[in-house]
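Remarks on the structure that follows.
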Amino acid sequence: MELHKLFEFQYKQLEESIDEIAERIGKLGHKTMGTMQEFIKQSIIKENPGKYASSKDSLKELLEDHETVIIHLRKDIDDCSEKNKDAGTADYLTGLMEQHETIAWILRRYLN
């Protein structure tokens, strides 16, 4: 039950982030993706269909995914600041990165 609550919290947090990211994209005058196929094609996180991992393996995989996102967000923050001179997006991405860092920290605690 504890892991269920953790995953549910994370799901809700990520769902909220998706809406905020779409708003940010719109504020910058761009269109957002709208289909699962588009999301999957652009995603840096790949799914593992047909794989039903144990709880511990699921936590490990989830941790790896968050660490991947953190690495990419750090690069994106630098790009926004230096290349694009977009402090607003850099600030938003920094907050998003901090959320992923917190989730990664929580997941590491479950694995230790």
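In terms of its C-alpha gyration tensor, region 47-112 comes out prolate, because a/c is 1.5 or above and the ratio a/b outweighs b/c. The helix-only estimate of mean residue ellipticity at 222 nm for the chain, built from DSSP H runs of length n ≥ 4 each weighted as -39500 (n - 2.57), is -25500 deg cm²/dmol after division by the residue total. When you filter the GluC sites (Glu not before Pro) in region 5-57 for DSSP loop state and at most 10 other Cβ atoms inside 10 Å of their Cβ, you are left with Glu47. For the chain, take the longest principal axis of its alpha carbons; what is the angle in degrees between that and the long axis of helix 55-78, to the nearest 10 within 0 to 90? Here the helix axis deviates by roughly 10 degrees. Where in region 7-35 is the amide nitrogen less than 13 Å from a point lying 7 Å along the Cα-to-Cβ axis of Ala87? From region 7-35, the list is empty.
Here's the list of lysines a cross-link from Lys5 could span, going by alpha-carbon distance under 27 Å and ignoring same-chain residues fewer than 8 apart: Lys46, Lys51, Lys56, Lys60. If R0 is 30 Å, the Cβ-Cβ spacing of Ala22 and Tyr52 corresponds to a FRET efficiency of close to 0.45.
Bridgeable aspartates and glutamates around Lys83 (alpha carbons under 19 Å apart, same-chain partners fewer than 8 residues away excluded): Asp91. Which of the chymotrypsin sites (Phe, Trp or Tyr not before Pro) across region 1-77 are loop residues per DSSP, with 16 or fewer other Cβ within 10 Å? Here the sparse-neighbourhood loop sites are Tyr52.
For a modelled paramagnetic label at Lys60, 7 Å from Cα along Cα-to-Cβ, the residues of region 1-34 in reach, with backbone nitrogen under 20 Å, are 3-4, 7. Can you give the net charge of the other residues whose Cβ lies under 12 Å from the Cβ of Asp79, counting K and R as +1 and D and E as -1? So the surrounding residues net to 0.
Amide H to amide H distances under 5 Å link Met33 with no residue, where only residues 5 or more positions off or on other chains count and H is placed in the peptide plane.
FYI, it's all coordinate maths here, none of it is from the lab. Because the structure is predicted, anything quoted here is derived from the model rather than measured. FYI the Cβ positions are ideal-geometry reconstructions off the backbone, even for glycines, and counts take in every protein chain you see.
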